[in-house]
Amino acid sequence: MNIVTVATTPFTDQKPGTSGLRKKVTVFQSPHYLENFVQAVFDTVLDHAMAPPGSTLALGGDGRYYNREAIQVILRMAAANGMARVLVGQGGILSTPAASCVIRKYKCLGGIILSASHNPGGPAGDFGIKYNTGNGGPAPEKITDAIYARSRELGSYRIVEAPDVPLDRPGTHALGAMQVEVIDPVADYAELMESLFDFGAIRALLAGGFRLCFDAMHAVTGPYAHEILERRLGAPAGSVINGVPLADFGGGHPDPNLTYADQLVAIMYGNDIANPAPDFGAASDGDGDRNMILGRHFFVTPSDSLAVIAANATLAPGYAQGIAGIARSMPTSAAADRVAEKLGVPCFETPTGWKFFGNLMDAGKVTLCGEESFGTGSSHVREKDGLWAVLFWLNILASRRQSVEQVLQDHWAVFGRNVYSRHDYEGLPLDLANGIMAQVKERYRDLPGRRFGDYTVKFCDDFSYTDPIDGSVSTGQGLRIVFEDGSRIVFRLSGTGTEGATLRLYLEAFEADPARQQVDAQQSLAALIAIADEISQLKARSGRERPTVIT
Ligand code: VG1
Ligand code: CO
């Protein structure tokens, strides 16, 4: 088979963000764009050489528009770069956590995951690509920086000339000297889930009339949820909605939050006496790594979800021995810290993005990790894992025999409540967003010690992190304003968007008084919201009356 070396010129914008390289589909479709980035990945991880003999790569994506075309290109380039074998999900599909599972189980050199996660898809939507290392986790900054550097000097890429590999049925195919194994994308993952959770107890819960609704949002988790929730656990057919993956997610925004998962929210907050809302609701995102947990008429913030899972971890067989520690991203609330303290295990605070958890999990320092952005996971893989979180919750509910709301009330009664919310201002002009961040930083000089009503500023900083395992330092990870009582305001610019800038405002206040724990979060946080606006002048400067999304 013919290996061709194609001359190319570098693109200057192939810097991976919070989670891989994300651009408009049209950008990825422009000549050489995808190929350049893939060659930069191979050059970096293979150190500009060919793959070592016997190397296996895992490959799959969330099925969004351009997934199939990109898979074929990557297969041809993998063959040309000396890969011995590629494990590719049937139809080119692998959820992000399933890809992580496959990389680990089959001891792959690494994996390439095609996804722009929660970003919309379709011809006018977004596409994304990221590299995961042999531990199954997203490449750390050291590697993504090297990929970016390589992309800026690239003069050519290697690809074989060959027809498309048939991907719609499991089987093995030769592509030059490389073997392509088309694998069932669900089987390995489902088996791993059965090893962690008490499927018998969950089956009994569901058989007893407990009703659930899982919204796959026409994204990748449809087949996983049908197999695990309906087939293996016996939830009635129809418990999984929007379960057919579509290349454009049915025109929706596959982000499991109260705004975009509106169909599920309507079901869970329904008031029809003849047809009461289900006991449990959940949704997942484009690539299956995020989760939203709902009870009947009740929303669980992702920060609380992490804390509840930690506090109840030993109820699940896979965690019966207890947890080694917890890690959370900086903007995530400190609810998990309180649980860690009670359990006597360490809690780490990392920058935003799952890639910062990998070293801690590899070193055995933490078992559970979480982000406020609907991400929860554990060391069973090295990605956040949407269905895993859903199963953990079902396991907890099956053991405790309480409603979701009761579980939270009990939790807050013991640990207090970290009232939390995130306000996103999407699609701001880049200069404007940078200007607002600069303005906040400028205020740093006179903020410490200043009083705003009941709140006095204790300190403010630009969060930076030194990885306790490899000593690498990440700076500029979010502007924190922390008050004497531990309440916080954080400003941060998103690193996953493809249009303008998204400014995220994170708000957290601690409420120890059970009588006031029931108050709506936006009400409890009203004073902090006003302080954030006073400091940043966000509303006046952006001309926006309210955030695009509140979670
Ligand atoms: C967002 C979230 C972050 C998450 C990242 C990837 O990043 O805030 O917590 O790790 O998305 O999630 P940013 O930079 O836009 O705030 V996923 O499910 O899109 O891979
Ligand atoms: Co995702």
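The values are calculated or read from the model by the stated rules, or taken from the named source; none is laboratory data. Because the structure is a prediction, the values reported are computed rather than measured. Ideal geometry is used to build each Cβ from the backbone, glycine not excepted, and the neighbour counts take in all protein chains shown. When the accessible area is computed, the model is the full protein with side chains, heavy atoms only, and any ligands, DNA or RNA have been set aside. Shrake-Rupley method; radii C 1.70, N 1.55, O 1.52, S 1.80 Å.
Note on Val519 and Glu191: with the Förster distance fixed at 45 Å, the Cβ-Cβ geometry gives a FRET efficiency of about 0.55. In the chain, one over the average inverse separation of all distinct C-alpha pairs is 23.9 Å, which is the Kirkwood hydrodynamic radius.
Counting only protein heavy atoms and a probe of 1.4 Å, the accessible surface of the chain is 50% carbon and sulfur.
Rounded to the nearest whole angstrom, the semi-axes of the ellipsoid equivalent to the range 424-493, taken from the Cα gyration tensor as √(5λ), stand at 22, 20, 11, largest first. Our coupling estimate for the range 11-19, obtained by passing each phi through the Karplus curve with A = 6.51, B = -1.76, C = 1.60 and θ = phi - 60°, is 9, 9, 10, 9, 8, x, x, 4, 8 Hz, Gly and Pro reported as x. Over the range 1-63, accessible surface divided per residue gives 41 Å², non-protein components excluded, 1.4 Å probe. For the peptides 443-456, 10-23, 84-97, the ranking by mean Cβ contacts within 10 Å, running from highest to lowest, is 84-97, 10-23, 443-456.
Take every DSSP beta bridge with both residues inside the range 23-131 and express the antiparallel ones as a percent of the total, to the nearest 5. Of those bridges, close to 35 percent are antiparallel.
Pull out the extension gain between Asn275 and Ser464, defined as 0.36 nm times the separation in residues minus the alpha carbon to alpha carbon distance; nm, one decimal. Walk me through the numbers on the way to the answer.
Numbers: separation 189, 0.36 × 189 = 68.04 nm, distance 5.02 nm.
Taking Asn275 through Ser464 to full extension adds about 63.0 nm, to one decimal.
Of all DSSP beta bridges confined to the chain, the antiparallel ones make up roughly 70%.
In order along the range 361-373, the Karplus-derived 3J(HN,Hα) couplings, from 6.51 cos²θ - 1.76 cosθ + 1.60 at θ = phi - 60°, round to 5, 4, 7, x, 7, 9, 9, 10, 9, x, 10, 5, 7 Hz, and Gly and Pro are given as x.
Modelled spin labels at Ala7 and Asp533, positioned 7 Å past Cα toward Cβ, are 5.9 nm from each other.
Label-to-label distance, Thr259 versus Gln406, with points set 7 angstrom from Cα along the beta-carbon direction: 3.5 nm. Could you check the spin-label model distance between Asp485 and Ala237? Points 7 Å from the Cα along Cα→Cβ, value in nm. Placing both labels 7 Å along Cα→Cβ, they lie 5.4 nm apart. One decimal place: the segment His173-Gln72 gains 35.1 nm when fully extended, by the rule 0.36 nm per residue minus the C-alpha distance.
Across the range 496-507, rounded Karplus estimates of 3J(HN,Hα) from the backbone phi angles (6.51 cos²θ - 1.76 cosθ + 1.60, θ = phi - 60°) give 10, x, 10, 9, x, 10, 10, 9, 10, 10, 10, 10 Hz, Gly and Pro being marked x. Heavy-atom accessible surface of the range 354-432, averaged per residue, reaches 26 Å², computed with a 1.4 Å probe. Each stretch of four or more DSSP H residues adds -39500 (n - 2.57); spread over every residue of the chain, this sum gives -9000 deg cm²/dmol at 222 nm.
Using 0.36 nm times the number of residues separating Thr456 and Glu341, minus their current alpha carbon distance, what extension gain do you get?
Numbers: separation 115, 0.36 × 115 = 41.40 nm, distance 2.54 nm.
Here the answer is 38.9 nm.
Scanning residues 5 or more positions from Ala501 or on other chains, those with amide H under 5 Å from its amide H are Gly427, Leu428, Leu430, with H placed 1.01 Å from N in the peptide plane.
Using the heavy atoms of the protein chains and a 1.4 angstrom probe, tell me the accessible area per residue for the range 213-290 in square angstrom. The partial results should precede the final answer.
Details: 2770 Å² over 78 residues.
Per residue, the range 213-290 has 36 Å² of solvent-accessible surface.
Across the range 98-219, C-alpha contacts under 8 Å between residues 6 or more apart give a mean separation that, scaled by the residue count, equals a relative contact order of 19 percent.
Among the lysines of the range 5-158, pairs that are 8 or more positions apart or on different chains and have alpha carbons within less than 21 Å of each other number 9. For Ala149, project a label point 7 Å along Cα to C-beta. Then give me every residue of the range 25-57 with its amide nitrogen under 17 Å of that point. Under 17 Å, as judged by backbone N against the label point of Ala149, lie 40-49 of the range 25-57.
Amide H contacts of Asp289: Thr96, Gly386, each under 5 Å away and 5 or more positions distant or on a separate chain (H built 1.01 Å from N in the peptide plane; Pro and chain starts excluded).
Taking amide H as placed 1.01 Å from N in the peptide plane, Ile93 has its amide H under 5 Å from the amide H of Gly61, each at least 5 places away in sequence or on another chain.
Long hydrophobic helices in the chain, taken as whole DSSP H segments with a C-alpha length of 24 Å or more on their own axis and mean Kyte-Doolittle hydropathy at least 1.0, are absent.
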